[in-house]
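Beneath this line is the structure, given in structure tokens, with notes to follow.
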Amino acid sequence: MPDTETGPNHVAIIMDGNGRWAQMKGKPRLFGHHAGAKRVKEIVRACPDLGVKYLTIFAFSTENWKRTQAEVSGLMSLFRRYIKGEMKDLIQEGVRVRFIGDRPRLDDKLIKMMDDLEKVTAQNEKVHLTIALNYGGRDEVSRAVKEMARDAALGTLDPETVDETTLTRYLDTRVLPDPDLVIRTSGEARISNFLLWQSAYSEYEFIDTLWPDFTKDVFAECTARYATRDRRFGAVKV
């Protein structure tokens, strides 16, 4: 059994490998994305038993617009389908959903669905699911700094008082704790512009498993390994 007392409270996941998984099966990349979306449901449901209160998933980055128009359109359609299809279960299962990222570039219909899902799950507390959609760590910090500059120009923020805590209050994740554990699937060992500020002291797991094969058992193994790590946050134990 996983140790829910020493396990991670907040896990963030870079869900990589959907396209490769599909291509290995002779299927189009979108087939893999649909399989990956189904996997999300299993992982969300596994969180309470693992002691994970907060789950943040990287669904679409600010760099993903560089993909083919067909894949981007397919992904946007998948996001709309996910919200519509999962809303009832998310409400019933006590999952609170938040979205982070730069929303204006998304289409109006999707933005409305995102807003509605956030509203109808706002009272839920069992699991806090955050979906990073059109999100990039550098973009998030840039937007935060712009907002800080506006407040400074208006006289509502004294530049001399700005510190790490100040910037944190302007980030998309300002109501969330920093991730304890960041997992990246598919064998890639990079963070791809994900939660750059928030993951300064996160533990990392880079695993070979492709996201559609990331089962609740694999998830449990990752959280169990986390529980064995000695987190000192720059200090030295005496």
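The values are calculated or read from the model by the stated rules, or taken from the named source; none is laboratory data. What you are looking at is a predicted structure, and each value in this text was computed from that prediction instead of being measured. Heads up, the Cβs are rebuilt from the backbone with ideal geometry, glycines too, and the neighbour counts pull from every protein chain shown.
Before moving on, here are some points about what is shown:
- The one condition in (1) in a helix (DSSP H, G or I); (2) farther than 24 Å from LEU75 by Cα that ARG138 fails to fulfil: (2)
- Residue in the stretch 149-171 that is in contact (Cβ under 8 Å) with a residue 12 or more places away in the chain, in contact with a Ser or Thr (Cβ under 8 Å, 6 or more places away or on another chain) and not β-branched (Val, Ile, Thr) present: no
- LYS84 being closer than 24 Å to ASN193 by Cβ, free of Cβ contacts under 8 Å to residues at least 60 places away in the same chain, surrounded by fewer than 16 Cβ atoms within 10 Å (Cβ to Cβ) and not aromatic (Phe, Trp, Tyr): no
- Among the numbered conditions (1) part of a helix (DSSP H, G or I); (2) hydroxyl-bearing (Ser, Thr, Tyr); (3) over 21 Å from PRO212 (Cβ atoms), the only one that THR6 does not meet is (1).
- Selection from the stretch 11-37 of residues that are in a helix (DSSP H, G or I) and either of a type in the set (A, V, I, L, M) or without any contact (Cβ under 8 Å) to a residue 60 or more places away in the chain (or both): GLY19, ALA22, GLN23, MET24, ARG29, LEU30, PHE31, HIS33, HIS34, ALA35, ALA37
- Only a single item in (1) modelled with pLDDT of 95 or more; (2) exposed (fewer than 14 other Cβ atoms within 10 Å of the Cβ) is not met by ARG105, and it is number (1).
- The single condition from (1) of a type in the set (D, E, K, R); (2) without any contact (Cβ under 8 Å) to a residue 24 or more places away in the chain; (3) in a helix (DSSP H, G or I) that LYS41 fails is (2).
- Under the condition of being of a type in the set (D, E, K, R), assigned to a loop (DSSP other than H, G, I, E, B) and closer than 26 Å to ILE191 by Cβ, the residues counted in the stretch 58-98 number 2.
- Note on the stretch 11-25: residues that are surrounded by fewer than 21 Cβ atoms within 10 Å (Cβ to Cβ) and more than 14 Å from ASP208 (Cα to Cα) amount to 3.
- Test: residue in the stretch 30-43 that is of a type outside the set (A, V, I, L, M) and in contact with a strand residue (DSSP E or B) (Cβ under 8 Å, 6 or more places away or on another chain): no
- Residue within the stretch 137-156 that is within 30 Å of LYS53 (Cα to Cα) and either modelled with pLDDT under 95 or hydroxyl-bearing (Ser, Thr, Tyr) (or both) present: yes
- Whichever residue in the stretch 131-163 is under 20 Å from THR56 (Cβ atoms) and of a type in the set (D, E, K, R) and, among such residues, is surrounded by the fewest Cβ atoms within 10 Å (Cβ to Cβ): ARG138
- Scanning the stretch 179-208 for residues that are under 21 Å from GLY101 (Cβ atoms), surrounded by fewer than 16 Cβ atoms within 10 Å (Cβ to Cβ) and of a type in the set (A, V, I, L, M, F, W, C) returns LEU196, ALA200.
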